[in-house]
Amino acid sequence: QCDLQGLWRNELGSNMTLSALDMAGTFSGSYHTAVAATNKQILVSPLQGSQQHRGANGQPTFGFTVQWQFSDSTTAFVGQCFVDRRGKETLETTWLLREEVPSRRDAWKATR
């Protein structure tokens, strides 16, 4: 069974800490990215998310958003937790980042 609660690190050096899931499957936490396209100081940023109910194999899907404290942008992550034969948990995720732009005409370049 995969348990999202705890400290997670990715291959780029970013850290994420997740709280325990409540009865509805929601969680909160913090994200400290190691990479950013900004000259500003990188700050720990809050996240909110939810996990799908665990299926028979205990490798649930989940999603969360991060409200970056050092830029005018938000990132949405979706993914799944996998457990290998040795019990090692790995999160596989995909993300979209939306940054604030000055006008609707610039919306085409606002999402990565």
### Query
For residue 28, all conditions in the list (1) out of contact with any His (no Cβ under 9 Å at 6 or more places or on another chain); (2) within 18 Å of residue 10 (Cβ to Cβ) hold save one; what is the number of the exception?
(2)
### Query
In the range 1-19, how many are in contact with an Asp or Glu (Cβ under 9 Å, 6 or more places away or on another chain) and in a loop (DSSP other than H, G, I, E, B)?
3
### Message
I'd like to verify a number: residues in the range 64-73 that are of a type outside the set (Gly, Ala, Ser), over 15 Å from residue 29 (Cβ atoms) and in contact with a strand residue (DSSP E or B) (Cβ under 7 Å, 6 or more places away or on another chain), how many?
### Response
1
### Task
Filter the strands (runs of 3 or more DSSP E) completely within the range 33-112 down to those with at least 3 residues that are open to solvent by less than 40 Å² (accessible area, probe 1.4 Å).
45-51, 61-67, 73-83
### Message
If I ask for residues that are of a type in the set (A, V, I, L, M, F, W, C) and over 16 Å from the mean Cα position of the chain (by Cα), which ones from the range 79-108 would you list?
### Response
83, 101, 107, 108
#### Entry: Subset of the range 16-32 that is of a type in the set (A, V, I, L, M, F, W, C) and buried (at least 16 other Cβ atoms within 10 Å of the Cβ) - its residue that is modelled with the lowest pLDDT
21
### Message
Given (1) under 21 Å from residue 112 (Cβ atoms); (2) over 16 Å from the mean Cα position of the chain (by Cα); (3) charged (D, E, K, R), identify the lone condition not met by residue 11.
### Response
(2)
### Message
Looking for something touching a residue at least 24 places away in the same chain (Cβ under 8 Å) and farther than 17 Å from residue 90 by Cβ - is there at least one such residue anywhere in the range 55-65?
### Response
no
### Message
Among the numbered criteria (1) without any contact (Cβ under 8 Å) to a residue 24 or more places away in the chain; (2) charged (D, E, K, R); (3) closer than 28 Å to residue 102 by Cα, which one does residue 40 miss?
### Response
(1)
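The values are calculated or read from the model by the stated rules, or taken from the named source; none is laboratory data. All of these numbers come straight from a predicted model, not from anything done at the bench. All Cβ positions, glycine included, derive from the backbone under ideal geometry; neighbour counts span all protein chains shown. Areas reflect the complete protein model, heavy atoms only, side chains present, ligands, DNA and RNA absent. Shrake-Rupley method; radii C 1.70, N 1.55, O 1.52, S 1.80 Å.
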